[in-house]
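The structure appears below as structure tokens.
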Amino acid sequence: MKELGTRIRQLREKKRWSQFALAKKSKVSTTTVQRIETGSDKVAYGTLFKIANALGVSVDYLKTGQEPKTPELDEIEKTFERLMEKLSKRDSVQILIEDGHAEAKEIALFFNSEDIPKAVQESVLEMIRSLKKKYIKQNNESDSTK
């Protein structure tokens, strides 16, 4: 935990941010940032995800000090399938593709509740964007033939 806190502090100081500024940008409390940096607090994945996003690095980098390797296609596909399964239980996949933003909160909750590397998350989000474009194109083509 100490290395994680040191890494976060170094990244924060490199950006010339105070602990308060990092807390505000990552939407966690200043006390949480202080505890993490001193290594006296266990960090929930959701909190770590928020801090990593604010600092512009991956969670893997915060944990290990190394950028994540490129995810295997199999890992991306399995994550995508798990996400779609979770969303389809709510009959919301259609809404997700049509609107693109209707399920953003649920996708964020999924990523925060699972230990999914940032590179895999980005690949899954790209797959969703691709599905949305394909869906829109198909609808436009069917509308023009009417």
Over 32 Å between C-alpha atoms is what I'm after, so list which of Lys63/Lys137; Lys24/Lys63; Lys25/Lys134; Lys15/Lys42; Lys42/Lys118; Lys2/Lys118 land there. Lys63/Lys137; Lys25/Lys134
If R₀ is 35 angstrom, what is the calculated FRET efficiency for the pair Glu126 and Lys24, using the beta carbon separation as r and rounding to 0.05? 0.75
Simple label model, 7 Å out from Cα along Cβ direction - Gln66 to Lys14, nm: 1.7
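We did not get these values from a lab; they are worked out from the coordinates using the rules stated. Because the structure is a prediction, the values reported are computed rather than measured. Virtual Cβ from ideal backbone geometry, glycine too; neighbours counted across all protein chains shown.
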